[in-house]
Structures are given as C-alpha cells and as structure tokens.
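A short worksheet on the structure shown next.
The values are calculated or read from the model by the stated rules, or taken from the named source; none is laboratory data. Just so we're clear, the structure is a prediction, and the values are computed from it rather than from any experiment. Virtual Cβ from ideal backbone geometry, glycine too; neighbours counted across all protein chains shown. All accessible areas refer to the heavy atoms of the entire protein, side chains included, with ligands and DNA or RNA removed. Shrake-Rupley method; radii C 1.70, N 1.55, O 1.52, S 1.80 Å.
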Amino acid sequence: MQRLLTNCRVATMRSGSPYGLIENAAVAIRDGHIAWVGIAADYADDSFEERVDLGGRLVTPGLIDCHTHLVYAGNRAEEWSLRLQGASYEEIARRGGGIVSTVSATRAAGHSQLLEATRARLDVLLAEGVTTVEVKSGYGLDLETELRMLRVARELGEATEVDVVATFLGAHALPPEYRERRADYVRLMIEEVLPAVAAEGLADAVDAYCEGIAFTTEEVRSVFESAQARGLPLRLHAEQLSNCQGAAMAAGMGALSCDHLEYLDDAGVEAMAAAGTVAVLVPGAWYYLRETQEPPVDALRSAKVPIAVSTDHNPGTSPVLSILAAMNMGCVLFGLSPEEALRGATANAARALGFDDRGVIEPGKLADLAVWDVQSPAELSYALGHNPCRRVFKAGVSRNGG
Ligand code: NIG
Ligand code: FE
C-alpha cells in the first residue's frame, strides 16, 4: 500500500530546527514505513494509490507513553483521600497499603477481568495519538500473577493499532508474606519468576523500584544481573523519594532509562550522560504526591541527557490517563519547553524503550503518525482536558480503517 499525506504541516522532531517543522509538507508512506517527507512542491513521484488531504493539520510522530502500570485491578481513591488529609505515601506503604493493596486486588482478578479493565484504559491513551505504550507488571509479586499481568500486556500488543512493550517489575514492593524474608523474595524473583517470564518470552525489559520503601541498590543489582544474563534491557524507578544512588548503578549497567529522578544528584546525572541513559520524568506522580523537590532538569539538559515524559499511569501515585496532560505537567511543574515535552513523548520516549525505528518522521522509520487539529505544536501541551487528535496511522494503516 502506498499513500501520500498532503496539505499538512509536519513536526518531524528531527533535530536542528524547532520541532523539525516543515510547512506545506507531504509525507509518503510505503509498506508501513515513511518513504519520503518534505515540502510538497518538491515531491515528484505520482505513483501513489491514495492521496490523503489533511486539510492543513499538524502531523507528529505517534506519541509514545514509555512508563505505565496499566494492568491492575481496583483503585486507590481511599488512599488518595488519606493522603489529602496528611498521610504520606511512605507511611501508607509501611502500614501495608499502597502498592500492596493493589497487589491484593490484582491477585484476586482473573485474566479476562484484568484484560478488560486494561483494554478500557489503553483505549483512553490511544485516543490521544499514542501508538506505542510500555506496560509493567509488579502488582502480582508472585509467579502466577506476574505471569498473568504480562500475558495481558502481550495480548493487548497483539492488536495492530498499538505496540505494547512489556516490562517485568517483580522488584516493585515486598509482598506481605515475605515481610520478614527480603532475601527470599529477591531469590524467588531471580530463581523462579524471571526465568519463567523469560522462558515464555513475556518481557522486553526488566524494571525495579529502588527506594527506602522498596529495594536496595544491591538487591536491584542482583535482579539486574540476572536480567542481563537473559539479554533483557534494564530500566529503573530511581531517586523518587530519596537519593539511593540507584540511577548511577543502573546507568553503570547500561540501563535504557531511569525514571522519576527527583533526588538525582550530579554524579547520577553524569553517569546517565556517560551511558546514554534516558531520564524519564513522570510529573503526574509528583503532582499527586504533592512533592516539592523537582528533578534536576537544568543539570540533565546541560549534560545532554535525553529527557522523556510519561504518564506513569498507576492507581496509586498517578491515575493520569493522558499523555497530553503529562506533557502539560512536564512544562508547568518541571519547566520543560513545549518542544521538550513533545520530544519527550516521541523521539526520546522511543529511545527510552530502545527503539530506533520510531519517534521521528524521516525516511525508513515506521509510519506511526498522529494528525492534530492545532495551529502550532506548542498547543499539544498547552490545553488541559482537550484532545485535538483527529487521526492516527499505525505502521501506515489508518486506525479508523483503511
Ligand atoms: O511509578 N514508584 C513506584 N511505582 C509506581 C507507583 C505504584 C503504586 O503506587 O501503585 C510509580 O509511581
Ligand atoms: Fe512507575
């Protein structure tokens, strides 16, 4: 199938000019990939089967949400109410609430219930032009439920309209039955659960939560060594509530991304820069936890650490189901420019997931495209609660058919 998108403006996100913007543009799509992009008047080939007039609209790469916990049962509105009355996330976690309460609900849910609930959430993300989404396990914390969560993620990825990257997050929290047996839990993940996940091909990467209320740097390192032995790339929830030096450790092991990063120090920034590790900012969690310590955006910029932005959708700290809202929060709360926010949900989010075939509109890349009813690309992170996405192409195929 060959298709020519015409009468559009294209934010290619190539570096060199703001948004890599091309006015009066055309995009040629062949076999699911970008064949050509440029000023329409420069396009010579007229052998295309279909011309699509986009009415002057803006085309961007399909958006990429590179950090979500989309598979879970239940919700945590009660905990949220408690936090609004002054209880901290850490206190709630230490009292057996928080992540562990979602673990109980998720363990009790069957495959089809989880699939249905996750599908409904995924649809909301997709409506905003998302064409690739990362989904973590980590609310099972036992063999059976971790596998079930990842199977749900895989099943959702079988749909042609979106690519789902599945990440194993067994080291997310210590389940109650292991409260006095930390080492046994880490061993269970390394010796039983990770091998089973890998044997079934259920994970594309391994993540962990390195934090006072979760796992130590050394515990995470041992899980990561086992992941690397199986050829799985790494990412880490690091320095969210305190500085545990997790980012430096993960970057030293070549992690694709370190996420959250409010308490990241200069050594951590340098280690990430040296390794090419992406900084994934998740302003939704910062907003819901009413944090005050901002991630070191200036230091990340100066060190040229690529910055991505994501929803971190989860029922506890970030029940945000909008990548555009996350981009807006990245600007308002962390001082990103609208261009950095868009790059953070396209080119740099692709990098955080280890992809070099998407996130930018240029020949050879996948034709994952979103079409927007806006004048300027800055409008994508400007409004809240407004969805100007009008059309999505996934690998060249229009999501609404054709
Ligand atoms: O990314 N920080 C750890 N994990 C999630 C929160 C999970 C939860 O509270 O359920 C996060 O914020
Ligand atoms: Fe998270």
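The table that follows gives values for the structure above.
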item: Residue in the range 67-77 that is in a helix (DSSP H, G or I) and either modelled with pLDDT of 95 or more or under 30 Å from Ala279 (Cα atoms) (or both) present; result: yes
item: Strands (runs of 3 or more DSSP E) lying entirely in the range 1-66 (those with 2 or more residues that are open to solvent by 60 Å² or more (accessible area, probe 1.4 Å), out of contact with any Gly (no Cβ under 8 Å at 6 or more places or on another chain) and at pLDDT 95 or above); result: 21-30, 33-39, 50-61
item: Index of the failed condition, Phe215 passing every other in (1) open to solvent by less than 60 Å² (accessible area, probe 1.4 Å); (2) under 18 Å from Val103 (Cβ atoms); (3) free of Cβ contacts under 8 Å to residues at least 40 places away in the same chain; result: (3)
item: Ala159, sole failed condition from (1) buried (at least 18 other Cβ atoms within 10 Å of the Cβ); (2) at pLDDT below 95; result: (1)
item: Residue that is nearest to ligand 1 (Cβ to nearest atom) [pool: residues in the range 67-99 that are surrounded by 18 or more Cβ atoms within 10 Å (Cβ to Cβ) and over 13 Å from Ser137 (Cα atoms)]; result: Gly98
item: Candidate set: the range 169-211, residues that are open to solvent by less than 30 Å² (accessible area, probe 1.4 Å) and charged (D, E, K, R); chosen: the one farthest from ligand 1 (Cβ to nearest atom); result: Asp207
item: Scan of the range 241-290 for residues that are open to solvent by less than 10 Å² (accessible area, probe 1.4 Å) and part of a loop (DSSP other than H, G, I, E, B), ordered by number; result: Ala255, Leu261, Glu262, Thr277, Val282
item: Of all residues making up the range 317-338, the number that are within 16 Å of ligand 2 (Cβ to nearest atom) and without any contact (Cβ under 8 Å) to a residue 24 or more places away in the chain; result: 0
item: Any hit, the range 299-315, residues being within 16 Å of Glu340 (Cβ to Cβ), more than 16 Å from ligand 2 (Cβ to nearest atom) and of a type in the set (D, E, K, R); result: yes
item: Failed condition for Thr311, given (1) within 17 Å of Cys66 (Cβ to Cβ); (2) touching a Phe, Trp or Tyr at 6+ places or on another chain (Cβ under 6 Å); result: (2)
item: Complete set of residues in the range 112-149 that are in contact (Cβ under 8 Å) with a residue 60 or more places away in the chain, assigned to a helix (DSSP H, G or I) and open to solvent by less than 40 Å² (accessible area, probe 1.4 Å); result: Arg121, Leu125, Leu126, Met149
item: Every residue from the range 343-390 that is under 30 Å from Glu49 (Cβ atoms) and free of Cβ contacts under 8 Å to residues at least 60 places away in the same chain; result: Asp356, Asp357, Pro388
item: Residue that is closer than 27 Å to Ala93 by Cβ, surrounded by fewer than 24 Cβ atoms within 10 Å (Cβ to Cβ) and of a type outside the set (Val, Ile, Thr), where the choices are Ser322, Ser337; result: Ser322
item: Residue list for the range 361-386, restricted to those being buried (at least 19 other Cβ atoms within 10 Å of the Cβ) and more than 20 Å from Met329 (Cβ to Cβ); result: Ile361, Lys365, Leu366, Ala367, Asp368, Leu369, Val371
